[in-house]
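The values are calculated or read from the model by the stated rules, or taken from the named source; none is laboratory data. These figures come from a predicted structure and were not determined experimentally. Positions of Cβ are generated from backbone atoms using ideal geometry, with glycine treated the same way; all protein chains shown enter the neighbour counts. Protein only, heavy atoms only, side chains kept; ligands, DNA and RNA dropped before computing areas. Shrake-Rupley method; radii C 1.70, N 1.55, O 1.52, S 1.80 Å.
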Amino acid sequence: MDIMNILYFLGASVLLTLMPGPDILFVITESISKSQKTGIFIALGLCTGLIVHTTAAALGIAAVLYHSAVAFQVVKFAGALYLFYLAWQALRERGNSKEEVLSASAQQTFFALYRRGIFMNLLNPKVSLFFLAFLPQFVSPRAGSVALQMALLGVLFMLQSLVVFTTVALLANRFGKYLFNHEKSVLWINRAKAGIYTFLGARLVFLSKES
(Lines give C-alpha, C1' and ligand atoms only; values in the text may rest on other atoms or scores of the structure.)
Protein backbone atom coordinates (compact mmCIF):
# COMPACT_ATOMS: atom_id res chain seq x y z
CA MET A 1 0.00 0.00 0.00
CA ASP A 2 1.17 3.50 -0.82
CA ILE A 3 2.62 5.26 2.25
CA MET A 4 1.06 8.61 1.32
CA ASN A 5 -2.34 6.95 1.04
CA ILE A 6 -1.89 5.53 4.54
CA LEU A 7 -0.90 8.95 5.90
CA TYR A 8 -3.99 10.52 4.32
CA PHE A 9 -6.06 7.75 5.89
CA LEU A 10 -4.57 8.35 9.35
CA GLY A 11 -5.12 12.10 9.09
CA ALA A 12 -8.76 11.65 8.10
CA SER A 13 -9.23 9.01 10.80
CA VAL A 14 -7.93 11.27 13.59
CA LEU A 15 -10.22 14.11 12.51
CA LEU A 16 -13.22 11.78 12.35
CA THR A 17 -12.42 10.28 15.76
CA LEU A 18 -12.24 13.75 17.33
CA MET A 19 -15.66 14.72 15.95
CA PRO A 20 -18.44 14.65 18.58
CA GLY A 21 -20.06 11.23 18.56
CA PRO A 22 -21.32 8.54 20.95
CA ASP A 23 -17.91 6.92 21.54
CA ILE A 24 -15.87 10.01 22.36
CA LEU A 25 -18.72 11.52 24.43
CA PHE A 26 -18.88 8.24 26.36
CA VAL A 27 -15.17 8.44 27.15
CA ILE A 28 -15.41 12.11 28.15
CA THR A 29 -18.42 11.75 30.46
CA GLU A 30 -17.07 8.67 32.24
CA SER A 31 -13.60 10.19 32.63
CA ILE A 32 -14.98 13.45 34.05
CA SER A 33 -17.37 11.81 36.50
CA LYS A 34 -15.13 8.92 37.58
CA SER A 35 -11.44 8.30 36.88
CA GLN A 36 -8.70 8.04 34.29
CA LYS A 37 -8.80 4.27 34.67
CA THR A 38 -12.50 4.22 33.80
CA GLY A 39 -12.00 6.27 30.64
CA ILE A 40 -8.95 4.30 29.47
CA PHE A 41 -10.48 0.86 30.03
CA ILE A 42 -13.68 1.94 28.29
CA ALA A 43 -11.54 3.26 25.42
CA LEU A 44 -9.91 -0.18 25.17
CA GLY A 45 -13.35 -1.75 24.93
CA LEU A 46 -14.52 0.71 22.29
CA CYS A 47 -11.44 0.00 20.19
CA THR A 48 -11.88 -3.76 20.57
CA GLY A 49 -15.37 -3.36 19.17
CA LEU A 50 -13.80 -1.84 16.06
CA ILE A 51 -12.20 -5.22 15.33
CA VAL A 52 -15.68 -6.67 14.81
CA HIS A 53 -16.75 -3.75 12.61
CA THR A 54 -13.55 -4.03 10.53
CA THR A 55 -14.08 -7.75 10.04
CA ALA A 56 -17.70 -7.15 9.09
CA ALA A 57 -16.72 -4.55 6.51
CA ALA A 58 -13.88 -6.70 5.09
CA LEU A 59 -16.13 -9.76 4.73
CA GLY A 60 -19.16 -7.84 3.48
CA ILE A 61 -21.29 -8.56 6.55
CA ALA A 62 -21.94 -4.84 7.00
CA ALA A 63 -23.61 -4.85 3.57
CA VAL A 64 -26.07 -7.44 4.88
CA LEU A 65 -26.84 -5.17 7.85
CA TYR A 66 -27.39 -2.29 5.45
CA HIS A 67 -29.81 -4.21 3.23
CA SER A 68 -31.68 -5.95 6.07
CA ALA A 69 -34.14 -3.54 7.67
CA VAL A 70 -34.91 -5.99 10.47
CA ALA A 71 -31.24 -6.52 11.44
CA PHE A 72 -30.59 -2.79 11.38
CA GLN A 73 -33.60 -2.04 13.59
CA VAL A 74 -32.73 -4.78 16.12
CA VAL A 75 -29.16 -3.53 16.60
CA LYS A 76 -30.31 0.10 16.65
CA PHE A 77 -32.94 -0.37 19.37
CA ALA A 78 -30.65 -2.59 21.44
CA GLY A 79 -28.09 0.21 21.39
CA ALA A 80 -30.71 2.82 22.33
CA LEU A 81 -31.93 0.72 25.27
CA TYR A 82 -28.36 0.34 26.51
CA LEU A 83 -27.84 4.11 26.40
CA PHE A 84 -31.10 4.71 28.29
CA TYR A 85 -29.91 2.19 30.90
CA LEU A 86 -26.66 4.14 31.30
CA ALA A 87 -28.69 7.36 31.71
CA TRP A 88 -30.77 5.71 34.45
CA GLN A 89 -27.61 4.54 36.21
CA ALA A 90 -26.19 8.08 36.08
CA LEU A 91 -29.35 9.48 37.71
CA ARG A 92 -29.14 6.87 40.46
CA GLU A 93 -25.72 8.31 41.35
CA ARG A 94 -27.12 11.80 41.88
CA GLY A 95 -26.76 11.72 45.66
CA ASN A 96 -23.21 10.45 45.75
CA SER A 97 -20.34 12.54 47.05
CA LYS A 98 -17.02 12.93 45.29
CA GLU A 99 -15.44 10.31 47.54
CA GLU A 100 -18.29 7.83 46.97
CA VAL A 101 -18.12 8.19 43.19
CA LEU A 102 -14.36 7.66 43.09
CA SER A 103 -14.60 4.74 45.52
CA ALA A 104 -17.24 3.04 43.40
CA SER A 105 -15.13 3.64 40.29
CA ALA A 106 -12.08 2.07 41.94
CA GLN A 107 -14.12 -1.06 42.76
CA GLN A 108 -15.14 -1.62 39.14
CA THR A 109 -13.11 -4.38 37.52
CA PHE A 110 -11.14 -3.99 34.33
CA PHE A 111 -13.42 -6.50 32.62
CA ALA A 112 -16.61 -4.63 33.59
CA LEU A 113 -15.33 -1.34 32.17
CA TYR A 114 -13.83 -3.04 29.12
CA ARG A 115 -17.10 -4.90 28.45
CA ARG A 116 -19.09 -1.67 28.74
CA GLY A 117 -16.93 -0.10 26.02
CA ILE A 118 -17.39 -3.11 23.73
CA PHE A 119 -21.18 -3.06 24.15
CA MET A 120 -21.31 0.67 23.50
CA ASN A 121 -19.41 0.26 20.23
CA LEU A 122 -21.05 -2.93 18.93
CA LEU A 123 -24.60 -1.70 19.55
CA ASN A 124 -24.19 1.17 17.10
CA PRO A 125 -24.98 -0.17 13.60
CA LYS A 126 -23.73 3.01 11.96
CA VAL A 127 -20.13 2.11 12.81
CA SER A 128 -20.19 -0.95 10.53
CA LEU A 129 -21.85 1.07 7.79
CA PHE A 130 -19.28 3.84 8.24
CA PHE A 131 -16.42 1.37 7.85
CA LEU A 132 -18.10 -0.10 4.77
CA ALA A 133 -18.15 3.38 3.20
CA PHE A 134 -14.86 4.76 4.57
CA LEU A 135 -12.26 1.99 4.29
CA PRO A 136 -12.71 1.17 0.56
CA GLN A 137 -11.80 4.76 -0.34
CA PHE A 138 -8.18 4.00 0.65
CA VAL A 139 -7.96 0.55 -0.94
CA SER A 140 -6.25 -0.13 -4.27
CA PRO A 141 -6.83 -3.42 -6.16
CA ARG A 142 -3.25 -3.11 -7.45
CA ALA A 143 -1.91 -3.38 -3.88
CA GLY A 144 -3.15 -6.94 -3.38
CA SER A 145 -6.03 -8.50 -1.44
CA VAL A 146 -8.79 -5.94 -0.84
CA ALA A 147 -9.97 -7.74 2.31
CA LEU A 148 -6.42 -7.74 3.70
CA GLN A 149 -5.98 -4.03 2.95
CA MET A 150 -9.28 -3.24 4.69
CA ALA A 151 -8.19 -5.30 7.68
CA LEU A 152 -4.91 -3.37 7.86
CA LEU A 153 -6.70 -0.04 7.61
CA GLY A 154 -9.10 -1.18 10.32
CA VAL A 155 -6.19 -1.97 12.64
CA LEU A 156 -4.64 1.45 11.96
CA PHE A 157 -7.99 3.11 12.67
CA MET A 158 -8.27 1.17 15.92
CA LEU A 159 -4.76 2.15 17.06
CA GLN A 160 -5.22 5.84 16.37
CA SER A 161 -8.62 5.71 18.09
CA LEU A 162 -6.99 4.23 21.17
CA VAL A 163 -4.39 7.02 21.26
CA VAL A 164 -7.05 9.72 20.77
CA PHE A 165 -9.49 8.25 23.31
CA THR A 166 -6.75 7.75 25.92
CA THR A 167 -5.57 11.35 25.51
CA VAL A 168 -9.15 12.59 25.76
CA ALA A 169 -9.72 10.48 28.89
CA LEU A 170 -6.65 11.95 30.61
CA LEU A 171 -7.58 15.54 29.73
CA ALA A 172 -11.25 15.07 30.65
CA ASN A 173 -10.31 13.61 34.02
CA ARG A 174 -8.13 16.62 34.82
CA PHE A 175 -11.08 18.86 33.99
CA GLY A 176 -13.31 16.65 36.13
CA LYS A 177 -11.03 17.08 39.15
CA TYR A 178 -11.47 20.85 38.82
CA LEU A 179 -15.26 20.49 38.70
CA PHE A 180 -15.27 18.23 41.76
CA ASN A 181 -13.84 21.07 43.84
CA HIS A 182 -17.11 22.97 43.48
CA GLU A 183 -20.11 22.39 45.71
CA LYS A 184 -22.85 20.13 44.26
CA SER A 185 -20.70 19.50 41.18
CA VAL A 186 -21.20 15.71 41.39
CA LEU A 187 -24.98 16.15 41.19
CA TRP A 188 -24.77 18.30 38.06
CA ILE A 189 -22.10 16.12 36.43
CA ASN A 190 -24.32 13.05 36.80
CA ARG A 191 -27.36 14.96 35.52
CA ALA A 192 -25.36 16.14 32.51
CA LYS A 193 -24.10 12.60 31.93
CA ALA A 194 -27.66 11.24 32.06
CA GLY A 195 -28.78 13.96 29.64
CA ILE A 196 -26.02 13.10 27.16
CA TYR A 197 -26.83 9.38 27.26
CA THR A 198 -30.55 10.12 26.85
CA PHE A 199 -29.83 12.37 23.88
CA LEU A 200 -27.59 9.77 22.23
CA GLY A 201 -30.18 7.04 22.84
CA ALA A 202 -32.98 9.17 21.38
CA ARG A 203 -30.82 10.02 18.38
CA LEU A 204 -30.19 6.32 17.82
CA VAL A 205 -33.94 5.58 17.98
CA PHE A 206 -34.61 8.00 15.13
CA LEU A 207 -31.51 6.96 13.17
CA SER A 208 -31.97 5.79 9.59
CA LYS A 209 -29.49 4.01 7.33
CA GLU A 210 -29.39 7.03 5.05
CA SER A 211 -28.69 9.61 7.78
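For the peptides 17-24, 158-165, the ranking by mean Cβ contacts within 10 Å, running from highest to lowest, is 158-165, 17-24. Accessible surface for Val74 stands near 90 Å², nearest 10, in the context of the full protein assembly shown (1.4 Å probe). Of the cross-linked pairs Lys37/Lys126; Lys76/Lys193; Lys37/Lys193, those separated by over 25 Å at the C-alpha level are Lys37/Lys126. Note on Arg115 and Arg203: the extension gain reaches 29.4 nm, defined as 0.36 nm multiplied by sequence separation minus the Cα-Cα distance.
Which order do the peptides 83-91, 118-126 take when ranked by the mean count of other beta-carbon atoms within 10 Å per residue, highest first?
Values: 83-91: 17.7, 118-126: 21.8.
For the peptides 83-91, 118-126, the packing ranking is 118-126, 83-91.
With the simple spin-label model, which puts each label point 7 Å out from Cα in the Cβ direction, the Leu170 to Arg92 separation comes to 3.3 nm.
Calculate the FRET efficiency for Phe77 and Lys37 from the Cβ-Cβ distance with a Förster distance of 41 Å, rounded to the nearest 0.05. Intermediate results must be reported in sequence, preceding the final value.
Numbers: r = 31 Å, r/R0 = 0.75.
Efficiency at R0 = 41 Å is approximately 0.85.
Between Phe130 and Ile51, take the C-beta separation as r, use R0 = 25 Å, and let me know the FRET efficiency to the nearest 0.05.
Values: r = 15 Å, r/R0 = 0.59.
E between Phe130 and Ile51, to the nearest 0.05, is 0.95.
Length gained on full extension, Leu15 to Leu148, computed as 0.36 nm times the residue gap minus the Cα-Cα distance: 45.5 nm. Here each label is just a point 7 Å from Cα along the line to Cβ, and for Ala192 and Leu59 those points are 4.1 nm apart.
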